[in-house]
Amino acid sequence: MIRLIIFCLTIITILQAREPISPLPTSVDYDVKKAKLGMKLFLDPILSGDGTVACVKCHNIYEGGADPHVVSTGFEGRKGNIQSPTVFNARYNFSQFWNGRAQNLFEQAKGPLANPVEHNISPKDIEKKLNAIKEYKKLFKEAYGINYITYDKTLKAIVEFEKALVTPNSKFDNYLRGKVQLSKSEMNGYMIFKKIGCVTCHNGLNIGGNSFQKMGTFIDYKTKKTYPDRYEVTKHLYDKNVFKVPTLRNIAKTAPYFHDGSSKTLEEAIKKMTYYNLGVELDEKTIKDLVAFLKTLNGEQPAIMSEPW
């Protein structure tokens, strides 16, 4: 009996190892007090030059963590130049921003705050504003043991919150753990996802976020606009129109899709991506099954958002 159990466990391990996608952990470690402080900062427009732009404005944590608009609106109504991606599960991206110019969440957090189109606020002004508010002085004292609020600690609190924005227990994660079964359409969609090559770029823990790829690998993707692509970082010509592969987790909640926000629905996004990056055209039944699979990637709301103070 023991040998049989060991054999079965070995087979299960082998089968799981062959899956190109890994389930998110059901819980993650973070400092609750610092993360809750970070959440308050994330929601507060005080961290902007005109007092109107909060992080949540571009990253709606009450839906999919992204912006439902093609581009975001920032300081004094200025428009961004690329679609704002989801902040959910961003801790698992191998780099941050569409072009990977930030290596981690701390570096990423600096960008929007300083950007004249987004928050347009300096480190000095952040410190001045926060230190003038008794509640923030109290919260930073409790979280970090400091009497003077610094720009560095402000960023670290926001990052602690972002690290907590993990969406576990999607139906697909639970399928990988053997807890639930997928419907026929969902399973067909997953098999198609692997068969036609979607999984080549969308794999691993975050089902993306771990490589750069050209938009228009098989068929040239023409656009009249320019976007901050990988070329802006490397200056290599072959990095033109190359972007970080986005995560597919919670994808049903993060429309519009792609760096240019050009697809409003999952069906449109699937048609466009499979045509330009895989060189195939799919029938409606196949697209329907792929949509069914992608919807199984919706996870639970991050636990930090319901943590008491």
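Each value in this text was obtained by applying a stated rule to the coordinates, not by laboratory testing. All figures in this text were calculated on a predicted structure; none of them were measured in a lab. FYI the Cβ positions are ideal-geometry reconstructions off the backbone, even for glycines, and counts take in every protein chain you see.
With one equal scatterer per alpha carbon and no solvent term, the Debye-computed log10 I(q)/I(0) for the range 70-163 at 0.10, 0.13, 0.16, 0.17 1/Å reads -0.31, -0.52, -0.76, -0.84. Loop-only GluC sites (Glu not before Pro) in the range 212-309, please: DSSP not H, G, I, E or B, and at most 12 other Cβ atoms within 10 Å. Those satisfying the criteria are E281. The magnitude of the dipole of the chain, with charges of +1 and -1 set on the Cβ of Lys/Arg and Asp/Glu and taken from the Cα centre, is near 280 debye. Residue ranges 59-65, 84-90 sort as 84-90, 59-65 when ordered by packing (mean number of other C-beta atoms within 10 Å per residue, highest first). Relative contact order of the range 32-166: 30 percent, from C-alpha pairs under 8 Å at least 6 residues apart in sequence. Test of understanding: extend the Cα→C-beta vector of T26 to 7 Å, then name every residue of the range 146-187 with backbone N under 17 Å from that spot. Only 166-181 fall inside the zone, counting backbone N under 17 Å. Mean sequence separation of contacting Cα pairs (under 8 Å, at least six apart), scaled by the length of the chain, corresponds to a relative contact order of 24 percent. With the convex hull drawn around the C-alpha atoms of the chain, the volume per residue stands at 151 Å³. Taking label positions 7 Å along the Cα-Cβ direction at both E19 and N147, the computed distance is 5.3 nm, reported to one decimal.
May I ask you to derive the FRET efficiency for K194 and F94 from their Cβ-Cβ distance with R0 = 25 Å, giving the value to the nearest 0.05? Once rounded, the FRET efficiency stands at 0.70.
Averaged over residues, the count of other Cβ atoms within 10 Å places the peptides 125-136, 149-160 in the sequence 149-160, 125-136, highest first.
Taking every DSSP helix (H) stretch of at least 4 residues in the chain, weighting each as -39,500 (n - 2.57) and dividing the sum by the residue count yields a mean residue ellipticity at 222 nm of -11500 deg cm²/dmol.
Under 15 Å from a point 7 Å along the Cα-to-Cβ line of K110: which residues of the range 35-53 have their amide N that close? It comes to no residues whatsoever. The mean sequence separation of alpha-carbon pairs under 8 Å and at least six residues apart, normalised by the residue count of the range 105-168, gives a relative contact order of 32 percent.
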